[in-house]
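Report on the following structure.
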Amino acid sequence: MGMMTYSFNGHELEIVAESVEITSINSSEPDPDWTETDAAGHRHYHSKTETGGPYPTLMWKPDMVHCQDCHEEEDHGYLVCGECGERVQPGFRPLSPARTFIPGLTSYTIDGEPVSKQAAEDFMAAMRQERENR
C-alpha cells in the first residue's frame with residue numbers, strides 16, 4: 001500500500017493506493033531441461049523448436065470421463081511414449097519466486113473526510129497553480 005500526503009492552504013490531501021498481489025497461483029512451469037528415459041529405453045525431452053509440440057516423443061492419450069457436476073464429457077488424458085505407450089510425466093520446475101503487484105483501489109481524503117478522485121485532482125491543480133504563480 002502506498003500513501004501520499006499533500007498540504008495546501010491549511011488543508012491536507014491524503015491519497016492511499018492499495019496494491020493487489022497477482023503472483024501466479026501456479027507454482028511451477030514445464031522444465032525446458034527435462035529429459036527422461038522410459039523402461040523400454042526411449043528418451044523423452046522438452047523442446048522449444050521441434051515440431052510436435054514441447055514433447056515431440058510423446059502422444060496424448062485421451063481418457064474421457066463423465067463430469068457429475070456439468071454432465072459433460074471431459075478429457076482427463078495423459079502423455080504416453082509414442083513408441084511403446086508407457087505413461088510419461090514431463091518434468092516441471094518452480095516459477096520465479098518474485099512477487100508481482102498491480103495497483104488496486106485508491107482512496108482520497110481531504111482533512112480526513114473522503115472525497116472523489118475529481119476533488120483530489122482539483123486540490124492538486126490548485127496547489128500547482130499556486131506554485132506557478134509564486
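Worth pointing out:
- Taking a ≥ b ≥ c as the square roots of the eigenvalues of the alpha carbon gyration tensor, the range 26-95 is oblate, as a/c is not under 1.5 and a/b does not beat b/c.
- Surrounding net charge for Glu113, when Lys and Arg each add one and Asp and Glu each subtract one, Cβ distance under 13 Å: -3
- Under 5 Å from the amide H of Val115 lie the amide H atoms of Tyr108, Thr109, Ile110, each residue being 5 or more positions distant or on a separate chain, with H modelled from the backbone and absent for Pro and chain starts.
- Whole-Å semi-axes of the chain's equivalent ellipsoid (Cα gyration tensor): 59, 20, 12
- Per-residue HN-Hα couplings for the range 75-92 [Karplus 6.51, -1.76, 1.60; θ = phi - 60°; Hz; x = Gly/Pro]: 8, 10, x, 7, 8, 9, 4, x, 9, 10, x, 5, 5, 10, 9, x, x, 10
- Mean residue ellipticity (222 nm) of the chain, computed from DSSP H runs ≥ 4 via -39,500 (n - 2.57), nearest 500: -4500 deg cm²/dmol
- The angle between the Cα long axis of helix 117-133 and the main principal axis of the chain comes to about 50°, on a 0 to 90 degree scale.
Values quoted throughout were computed directly from the atomic coordinates according to the rules given, and no laboratory measurement underlies them. Remember, it's a predicted structure, so these values are computed and weren't measured experimentally. Because the Cβ atoms are built from the backbone with ideal geometry, glycine has one as well, and the counts that use them run over all protein chains shown.
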